[in-house]
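Right, I'll just put the structure down here and ask away after.
The values are calculated or read from the model by the stated rules, or taken from the named source; none is laboratory data. Remember, it's a predicted structure, so these values are computed and weren't measured experimentally. Cβ placement follows ideal geometry from the backbone for every residue including glycine, while neighbour counts extend to all protein chains displayed.
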Amino acid sequence: MAETQHLPVLVEEIVQLLGEIRGTAVDSTIGFGGHSAAILEAFPKARLIGLDQDGSALELAGKRLEKFGTRVELVHSNFANLKRELSKRSISDVAAIIADLGVSSMQMDSETRGFSFRYDAQLDMRMDESADIETAADILADRSETEIADLIYLYGEERFSRRIARRIVEARESGRPVETTKQLADLVLSSVPGRKKDAIHPATRTFQALRIAVNGELEILDDFLRDAVDVLKADGVLAVITFHSLEDRIVKNAFQRFAGKCVCPPKIPKCVCGAKKIAEIITKKPVVPSGEEMERNPRSRSAKLRAVKKIE
């Protein structure tokens, strides 16, 4: 696969936000190591721990970062295990943590893993192929029509979720369970009214919803953010790149809580969100890619970067 397909997003912006790193940095979603390489080159006194749940990505990152020798340690683990992995290594004060929450290009471009409807493949969608969890096909085979509809609506923000779920269950009951990417994409296409020219493919939101459900992406994100700020040392920076509104909303609300701003609904008489000032927001508005970057790397167009700095 060509290197141009692995372009990391907002690299210069992340390095600039991190300031000067002396000590340990954590790339909690190392992918192909693009952000990590930039950090190690920019901060020669930094040591980096790189986590990823995708073993194939770790192999590629290892090759890319080999030149940095013992300054790098790669760990096959989900970022939900951040505290546990750092504790194993007796690391308590971290200078910087980054997370790129986008699906890697290798996953999207895989002809066999089921993340994209560009290829006809089994509906797998597990980011960790070794994980003993439900695949997307398992979810469509086992869940009720209501559960499937709610999942597609909640995680995909798809307004035709009920119609899509009905077609999925009808196909299943007629002996044609939806098990491949082409089956699902065709079914969604037939369920959604005609789209405008140049609009995203109608199946995009449904595929996103299933991927999020399979990997539990949103359920673990808030806990990860809290753990990440907790292990940072004073003046340490947490920087997170999101690619859709659901993730960005979670990150934005978490960062506001860390800055001491209550994010409870206005009608609640007493704060229950746990807001406490432990950090300051250093991106008043999310940082987005430049026009030049979006032209060079179209997959960056929906990226948003937010960052906080821990205070004493």
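Residues checked against (1) surrounded by fewer than 20 Cβ atoms within 10 Å (Cβ to Cβ); (2) assigned to a helix (DSSP H, G or I):
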site	(1), (2)
Leu189	yes, yes
Gly194	yes, no
Leu210	no, yes
Ala213	no, yes
Glu219	yes, yes
Phe224	no, yes
Ala234	yes, no
Val237	no, no
Val240	no, no
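Let me ask something additional. Of the conditions (1) surrounded by 14 or more Cβ atoms within 10 Å (Cβ to Cβ); (2) at pLDDT 95 or above; (3) assigned by TED's automatic domain parsing to the domain that holds Gly19, Arg299 satisfies every one except a single condition; which number is it?
Looking at each condition in turn, Arg299 falls short on (2).
If you check Arg118 against the conditions, is it surrounded by fewer than 22 Cβ atoms within 10 Å (Cβ to Cβ), over 26 Å from Arg299 (Cα atoms) and of a type in the set (D, E, K, R)?
Against the criterion (surrounded by fewer than 22 Cβ atoms within 10 Å (Cβ to Cβ), over 26 Å from Arg299 (Cα atoms) and of a type in the set (D, E, K, R)), Arg118 does not qualify.
Give the number of residues within segment 84-118 that are touching a His at 6+ places or on another chain (Cβ under 9 Å), among the polar types (S, T, N, Q) and farther than 19 Å from Ala213 by Cα.
Selection size over segment 84-118: 1.
How about segment 15-87: which strands (runs of 3 or more DSSP E) wholly inside it have at least 1 residues that are touching a strand residue (DSSP E or B) at 6+ places or on another chain (Cβ under 7 Å) and of a type in the set (Phe, Trp, Tyr)?
Numbers: elements: 23-27, 46-52, 72-76.
Those strands (runs of 3 or more DSSP E) do not exist here; none qualify.
Same structure again: All but one of (1) within 18 Å of Glu217 (Cα to Cα); (2) in the same structural domain as Gly236 (by TED's automatic domain parsing); (3) loosely packed, with under 14 Cβ neighbours inside 10 Å hold for Asp132, so report the exception by its number.
If we test Asp132 against (1) within 18 Å of Glu217 (Cα to Cα); (2) in the same structural domain as Gly236 (by TED's automatic domain parsing); (3) loosely packed, with under 14 Cβ neighbours inside 10 Å, just (2) comes out false.
Okay, moving on. Filter segment 258-304 down to the residues that are in a helix (DSSP H, G or I) and in contact with a Gly (Cβ under 8 Å, 6 or more places away or on another chain) and list them by number. Explain how you work it out, then say what you get.
Keep residues of segment 258-304 that are in a helix (DSSP H, G or I), which gives 258, 291-296, 298-300.
Matches in segment 258-304: Arg299 only.
Identify, from the list Ala165, Ala99, the residue that is among the small types (Gly, Ala, Ser), assigned to a helix (DSSP H, G or I) and either out of contact with any Lys or Arg (no Cβ under 8 Å at 6 or more places or on another chain) or surrounded by fewer than 22 Cβ atoms within 10 Å (Cβ to Cβ) (or both).
Only one candidate passes the filter, namely Ala165.
Right, something else. Which residue pairs have Cβ atoms under 6 Å apart, sit 6 or more places apart or on different chains, and have a first residue in segment 118-142 that is without any contact (Cβ under 8 Å) to a residue 12 or more places away in the chain and a second that is outside any helix (DSSP H, G or I)?
Pairs that qualify, where the first residue is without any contact (Cβ under 8 Å) to a residue 12 or more places away in the chain and the partner is outside any helix (DSSP H, G or I): there are none.
Looking at segment 49-88 only, could you name the residues that are closer than 21 Å to Leu238 by Cα and polar (S, T, N, Q)?
Selection gives Gln53, Ser77, Asn78, Asn81, Ser87.
Going through segment 145-162 one residue at a time, which ones are touching a residue at least 60 places away in the same chain (Cβ under 8 Å) and either part of a helix (DSSP H, G or I) or among the hydroxyl-bearing types (Ser, Thr, Tyr) (or both)?
Hits for segment 145-162 are Leu151, Tyr155.
Quick check on this structure: which one of Ser144, Ser116 is of a type in the set (Gly, Ala, Ser) and at pLDDT below 95?
Among Ser144, Ser116, only Ser116 is of a type in the set (Gly, Ala, Ser) and at pLDDT below 95.
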